[in-house]
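Bear in mind that the values in this text are calculations on the coordinates, not laboratory data. Not measured: the values here are computed from a predicted model. Here the Cβ positions follow ideal geometry from the backbone for every residue, glycine too, while neighbour counts run over all protein chains shown.
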Amino acid sequence: MLAPLIPSAGRGRSRAEERRVINGIVYKIRTGVSWRDLPERYGPWKTVYTRFRRYAIDGVFTRALQQVQSRADAAGDIDWLVQIDSTIVRAHQHAAATGRKGGNTGRTNRTITPSADPEEA
């Protein structure tokens, strides 16, 4: 399924086995290890990183995701309804414009006064 989306090798040296490199990319993403800490069974880490970067720039992963989503949608396996419960959506502490503790926010403190009642005029 992924094979048609992977760009073919150009001229020059033969490329490392695609399956091994893809497995290395998946391992890196799944575990979160640094590129240099990839196990040797996936080949040289620079090869895996270079191929990952090239595929990301070329949009290989985006096209693969779109293809998987379209197949799953056609089979009725995706429910596109999304609900967000606002009780779990919180702003980060830095989102509040309070400034430092006890400090000034840099804004002037203006008092809001009610406007004159039009019936009194």
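For Pro4, neighbours were defined as the other residues whose beta-carbon sits under 14 Å from its Cβ, and their charges (Lys and Arg +1, Asp and Glu -1) total 0.
Packing here is the average count of other Cβ atoms within 10 Å per residue, and on that basis the peptides 45-51, 67-73, highest first, run 45-51, 67-73. Label-to-label distance for Asp79 and Gln93 is 3.7 nm, based on points extended 7 Å past Cα in the beta-carbon direction.
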